[in-house]
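S.K.: What follows is a structure written as structure tokens; I'll ask about it next.
The values are calculated or read from the model by the stated rules, or taken from the named source; none is laboratory data. Here the structure is a predicted model, which means the values were calculated and not measured. All Cβ positions, glycine included, derive from the backbone under ideal geometry; neighbour counts span all protein chains shown. To get the accessible areas, we keep the full protein, side chains included, count just its heavy atoms, and leave off ligands, DNA and RNA. Shrake-Rupley method; radii C 1.70, N 1.55, O 1.52, S 1.80 Å.
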Amino acid sequence: MVSASPPTDLTLIQDFVNTVDLEDGTDQLAIPEQLGAWLAEHGLDADDAFSHEDRARAVAVREALRALLLANNERPLDPDAVATLNASAPPLALSLDAEGRARLEPGVGGIDRVFGRLLGIVARAQADGTWARMKACPWHTCHWAFYDASRNHSRTWCSMKVCGNRAKAQTYRRRRGD
Ligand SMILES: [Zn+2]
């Protein structure tokens with residue numbers, strides 16, 4: 001049985017994408033101070049006060065990551081999302097720690113450092129094959145991020161009870177011709 005939770009690093013991506021609930025509009029990153037608090041809580045403290053521009057860029061990166069997760073769920077990949085992430089990716093610097101382990105770290109500070117760490121997680125997950133399981137729910141008002149722990153990567157909906165049933169009801173109405 002595969003665990004329903006993503007590997008630790010991917011939990012961070014999932015939690016970041018899910019900082020907004022698109023259905024009720026609750027956004028945990030609504031103001032720069034909230035962004036700073038959220039990042040500190042998740043071990044991504046960038047040692048800086050964030051500006052409104054930083055916050056706007058973080059939200060753009062969040063939504064671009066969501067687009068990648070939708071593409072992992074068989075939706076077409078939005079080219080604007082790729083452009084946003086490319087524009088947000090900082091240069092990475094290679095360094096070795098005392099035990100000789102090599103690491104790539106963003107060579108910048110502030111919000112760019114945070115983007116570098118998030119995109120570093122994406123790169124590692126793509127390399128180890130876990131990325132394909134990070135998905136976003138395709139229901140048009142939902143788009144919640146989740147980890148697909150099913151054996152054959154076949155999970156489509158964030159929840160069968162919620163969006164799975166919405167989709168079933170829609171199919172049923174179409175068949176009836178409503
Ligand atoms: Zn959903």
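S.K.: Based on the mean of other beta carbon atoms within 10 Å per residue, what is the order of 156-169, 113-126, most packed first?
M.R.: Ranked by mean Cβ neighbours within 10 Å, highest first: 113-126, 156-169.
S.K.: Calculate for the chain the 222 nm mean residue ellipticity that helices alone would give, adding -39,500 (n - 2.57) per DSSP H run of length 4 or more and normalising by residue count, nearest 500 deg cm²/dmol.
M.R.: Value at 222 nm, helices only: -14500 deg cm²/dmol.
S.K.: Give me, ordered by chain and number, the residues 5 or more places off VAL20 or on other chains with an amide H under 5 Å from its own placed amide H.
M.R.: For VAL20, the qualifying residues are GLN28.
S.K.: Restricting attention to the alpha-carbon atoms of segment 39-178, what are Rg (one decimal) and Dmax (integer), both in Å?
M.R.: 18.5, 68
S.K.: A further question on this structure: Would you mind getting the accessible area per residue of segment 119-165, heavy atoms of the protein chains only, 1.4 Å probe, in Å²?
M.R.: Accessible surface, normalised per residue, equals 50 Å².
S.K.: HN-Hα J couplings of segment 73-89 from phi, Karplus 6.51/-1.76/1.60, θ = phi - 60°, integer Hz, Gly and Pro as x?
M.R.: Taking θ as phi minus 60°, the curve returns 10, 6, 9, x, 7, 6, x, 4, 5, 5, 4, 4, 5, 4, 6, 9, 6 Hz for segment 73-89.
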